[in-house]
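Structure first, then comments.
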């Protein structure tokens, strides 16, 4: 059989007697000929449910069965089979990077990986996700300082991220390289991805590949769901509850449709309910909204001769209400004297299909991505109503070819089309019964073409240059997107990367800033929105070194974002929100905006099974307003992280501690309010401490832990909470937790 993906080396240790276990190691050859340990490679006997994953050192022990055919698979390699004779009890499997799909190599592994390809990518593994409760995507970034996941208000329970000090709208969030969180899903979308569904999260800073589009000014987050062909869990059940009155159940199952597993499917089912009302800060408002969510995914993976693909369908219903403690959805009226309340109802359907076709040989292929998303949102914010429908379509066709000596040249070229409809009667704002269409929402028709070329100059130097041209029909604007990435492997343990690129983004003010309706401010749009445009420059270095517990690393990166065009949300007028473009002049003053972001991260493995992560991040984000270059509000310039992880032999017990330090933040000006409703110009620094313990059995895991152990709470989180219909009310100045310590517990049942 022709080996399309794996080269293996079989080493017989001199044992000719039959063994009940097969011991082995999985390695990968990188460009300079060295080998790296490959963890989380899946190994399974053909036509059986017996399988394992390689550990952090690439080692595995697999129980023998009646068959001698072993299936080996890894996320960035095509699966293949190896025949292991019955008398052989040790094996070394070597993956050759020349046949990989994405040419990703790994230099560090435990809770996260770091890619050493031109685009520096941190990969949070399934092990890393289990180090905290990780109920959803928003709660999956506690182990990194690269991303902040904050609450934009104290009522809705929404979570939004920021990267490089800039809002999450400038970060491209994908589901397996398919556009995922966009427009209407910006507010609650991070809660639409259950933690138990995720196989990994890939975090890339700076501009990414042009193959994925012109967006992603500050970075890219790509979520990988569990796949039936690589995930060996036939049944997975997770049950979770916490002291805030929340309960969750997640059930996953994998079903091989054909005996040879060329066609397989899995079902991911999730249900959650916030069934209690809590007011721990005694302001008369619920600390978390009452919420219910039903989330369902069915995916099909298939592999035929010279073709493979996957098709996924995701349906979601998310309903929630919050506000004052005595508010229920039935009390909604256009009368100011009734309890202040908030409601939100989301219905979302996404379908996508990804298919790849091999052409002449294994190094030439065509890939296609087709996606459709429909999203309906209806919500109330006090006396205001926000209602919108979104219909989005996405098509991407990619031709890829590797050629030249040792396949050192790779070219990817193709065409894409993005369609978004959120215009006219599809998006409406209502206040006290007066309904108006949002004239600032538009239909987006964006066809585009792209080319990307990668060249391995020698085993230590790789260049990747890309360029794409798109045309936004709604704005009648050509989008020219050049990007360049380079990696220099200075020594075996030291690498340097640099990147420069451009990105664009279509602004949707209301859908991206819905939380502003939870204040009494009037919204003033000074000028019609324009497409946002920025350059991003960055470099990073990774150094590895050995310690008694394993490979340790030191990572430093710096990124600078310079906006050519940005839409600014100005909150300094306590009675109004102003929305204006920064280019040119505003109120007679020149405008500009930029962001500096630097991060250092040290991973130490002092002894076996013990890991310490120390990290610090500095963000300096400023924009010019009326001649002053002022700091961005509600953004912590300084953030530090200490993460401790220890496990006993065979992972019977796992202990995880996470300690975060947040520096002061600038707050919007409130001096024109009465004294009792004023806030200081800057917040005080604060710390968060979380911890979790996990006990592992054969097929069970029991975990329990606590968040915000230090019981940190923001005082007077809601301005004028006693007068929610007054001109002073504002629930959007949130910079710290509004609830105290929260305990949680749960269990996982895993049948492989």
- [ ] Work out the FRET efficiency for residue 460 and residue 338 from their Cβ-Cβ distance, taking R0 = 56 Å, and round it to the nearest 0.05.
- [x] 0.25
TODO: Just report the Cα centroid separation between the range 487-529 and the range 248-282, whole Å.
DONE: 31 Å
TODO: Working from the alpha-carbon coordinates of the chain, get Rg over Rh, Rh being the Kirkwood radius.
DONE: 0.96
Task: Alpha carbon centroid spacing (whole Å) that separates the range 155-222 from the range 702-752 - done: 23 Å
Task: Relative contact order (%) - the chain, alpha-carbon pairs under 8 angstrom, separation at least six - done: 10 percent
Task: Hypothetical label at residue 69: residues of the range 242-271 whose amide nitrogen lies under 18 Å (7 Å Cα-Cβ projection) - done: 256-264
- [ ] Work out how far the C-alpha atoms of the range 300-404 reach from end to end along every principal axis, then list the three figures in whole Å, largest first.
- [x] 74, 22, 20
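Taking only the C-alpha atoms, wrap a convex hull around the range 433-560 and report its volume per residue in Å³ as a whole number.
Values: hull volume 23.7 nm³, N = 128.
In the range 433-560, the Cα hull volume divided by residue count equals 185 Å³.
Given a Förster distance of 35 Å, report the FRET efficiency between residue 300 and residue 411 from their Cβ-Cβ distance, rounded to the nearest 0.05. Intermediate values should be presented prior to the final figure.
Numbers: r = 30 Å, r/R0 = 0.87.
After rounding, the FRET efficiency stands at 0.70.
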Task: For peptides 137-150, 658-671, sequence by mean Cβ density within 10 Å, most packed first - done: 137-150, 658-671
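Please label the shape of the range 190-242 as rounded, prolate or oblate, based on the square roots a ≥ b ≥ c of the eigenvalues of the alpha-carbon gyration tensor (a/c under 1.5 means rounded; beyond that, a/b larger than b/c means prolate, else oblate). Intermediate results must be reported in sequence, preceding the final value.
Working: a/c = 3.79, a/b = 1.86, b/c = 2.03.
Note, shape of the range 190-242 comes out oblate.
Tell me what the chain gives for mean residue ellipticity at 222 nm when only DSSP H runs of n ≥ 4 count, each as -39,500 (n - 2.57), the sum divided by the residue total, rounded to 500 deg cm²/dmol.
On the way: 2 runs with 8 residues, N = 752.
One gets 0 deg cm²/dmol as the mean residue ellipticity at 222 nm.
Between residue 326 and residue 598, how high is the FRET efficiency from 1/(1 + (r/R0)^6) when r is the Cβ-Cβ distance and R₀ = 56 Å? Nearest 0.05.
Values: r = 48 Å, r/R0 = 0.85.
According to the calculation, E is roughly 0.70.
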Open item on the list: Let me check against my output: what whole-number percent is the relative contact order of the range 263-386, with C-alpha pairs under 8 Å and at least 6 apart?
Closed with: 20 percent
Open item on the list: Over the Cα atoms, compute the radius of gyration (one decimal) and Dmax (the largest Cα-Cα distance, rounded to a whole number) for the range 116-165, in Å.
Closed with: 12.8, 42
Task: For the range 604-686, the fraction of alpha-carbon pairs in successive 10 Å shells from zero, as % - done: 15, 29, 23, 17, 11, 5, 0
Task: the range 552-651 - Rg and Dmax from Cα coordinates, angstrom - done: 20.3, 67
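Each value in this text was obtained by applying a stated rule to the coordinates, not by laboratory testing. Only a predicted model underlies this, so the values are computations on that prediction, with no experimental measurement involved. Neighbour counts are summed over all protein chains in view; Cβ atoms, including those assigned to glycine, are modelled from backbone coordinates with ideal geometry.
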